[in-house]
Amino acid sequence: RFFLEARSQLPLAQDPALTQYVERLGRRLVETLGPQEFDYRFFVVESPALNAFAVPGGYIFLFTGLIARASTEDELVGVLGHEIGHVHAHHIVRLQQAGTLWNAASLLGMLLAAVNPVLGAGALAAAQTAQLKYSRDFEQEADFLGLRTTTEAGYDPQALAAFFKQLLAEQRVNPTGIPPYMLS
């Protein structure tokens with residue numbers, strides 16, 4: 001249900017070379033996980049934002065702005081590994097079970113704010129109220145799982161940390177205008 005809504009609202013890339021490339025990288029990582037309860041799907045969002053996100057059921061979205069900023073394939077794979085870590089550890093489901101109320105429309109509204117602030121303005125207020133940011137523990141767990149997955153797939157585990165340092169330094173110099181709670 002979320003994907004159908006996302007597909008109608010997010011500007012998904014139509015370039016088959018780009019989408020197949022991201023899909024191939026993602027599949028290589030997922031293979032290290034062994035049998036899964038669902039198929040992972042990888043999509044590219046046409047947006048200059050330096051962002052990526054994952055939702056339950058194995059839907060992973062990378063923004064073209066983030067893809068363009070990655071200096072190496074290892075950096076890009078590090079981000080994919082991190083997002084796969086969120087899905088593999090069922091972070092959103094665990095938040096729901098802990099009492100956080102999520103629905104596809106409000107989550108999509110938050111994500112749209114990264115692409116179009118006007119569309120996401122209402123969702124931002126809801127996001128602040130509902131505190132729909134992953135907990136720091138979940139981020140650390142996704143980092144750990146992502147590093148393990150990328151290493152097992154044969155990629156440089158240090159690339160993600162280097163990429164994050166570069167992005168944080170750039171954010172200090174040129175703030176994105178996206179509120180910190182919107183960035184995963």
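The values are calculated or read from the model by the stated rules, or taken from the named source; none is laboratory data. Predicted model only: the values in this text are computed from it and were never measured. Neighbour counts run over all protein chains shown; Cβ positions are idealised from the backbone, glycine included. We work out accessible area using only protein heavy atoms, side chains counted, and drop any ligands, DNA or RNA first. Shrake-Rupley method; radii C 1.70, N 1.55, O 1.52, S 1.80 Å.
Looking only at residues that are hydrophobic (A, V, I, L, M, F, W, C) and free of Cβ contacts under 8 Å to residues at least 40 places away in the same chain in segment 17-39, which one is nearest to ASP156 (Cα to Cα)?
As a first pass, look at segment 17-39 and keep what is hydrophobic (A, V, I, L, M, F, W, C): 17-18, 22, 25, 29-30, 33, 38.
Checking which are free of Cβ contacts under 8 Å to residues at least 40 places away in the same chain leaves us with 17, 38.
Working: ALA17: 24, PHE38: 27 Å.
Per the stated criteria, the residue is ALA17.
Among the numbered criteria (1) in contact with a strand residue (DSSP E or B) (Cβ under 7 Å, 6 or more places away or on another chain); (2) crowded, with 24+ Cβ neighbours inside 10 Å, which single criterion is violated by ASN51?
(2) is the only condition that ASN51 fails.
Checking the condition surrounded by fewer than 16 Cβ atoms within 10 Å (Cβ to Cβ) and among the small types (Gly, Ala, Ser), which residue from GLY57, GLY34 passes?
Details: GLY57 fails: surrounded by fewer than 16 Cβ atoms within 10 Å (Cβ to Cβ).
One residue alone meets the criteria, GLY34.
Enumerate the pairs (first residue in segment 44-57 and closer than 17 Å to LEU80 by Cβ and in a strand (DSSP E or B); second residue anywhere and at pLDDT 90 or above and among the polar types (S, T, N, Q)) with beta-carbon separation below 9 Å, excluding pairs fewer than 6 apart on the same chain, so at least 6 apart or on different chains.
VAL44/THR19; VAL44/THR64; VAL45/THR64
So GLY78 fits all but one of (1) closer than 13 Å to ALA153 by Cβ; (2) without any contact (Cβ under 8 Å) to a residue 60 or more places away in the chain; (3) surrounded by 14 or more Cβ atoms within 10 Å (Cβ to Cβ); (4) of a type outside the set (Ser, Thr, Tyr); what number is the exception?
Unmet for GLY78, out of (1) closer than 13 Å to ALA153 by Cβ; (2) without any contact (Cβ under 8 Å) to a residue 60 or more places away in the chain; (3) surrounded by 14 or more Cβ atoms within 10 Å (Cβ to Cβ); (4) of a type outside the set (Ser, Thr, Tyr): (2).
From the residues in segment 1-31 that are open to solvent by 50 Å² or more (accessible area, probe 1.4 Å) and among the hydrophobic types (A, V, I, L, M, F, W, C), which one is farthest from ARG69 (Cα to Cα)?
Taking the candidates together, the pick is LEU4.
Could you look through segment 135-184, keep only residues that are open to solvent by 30 Å² or more (accessible area, probe 1.4 Å) and of a type in the set (Ser, Thr, Tyr), and pick out the one that is modelled with the lowest pLDDT?
Applying the filter and picking the extreme gives TYR181.
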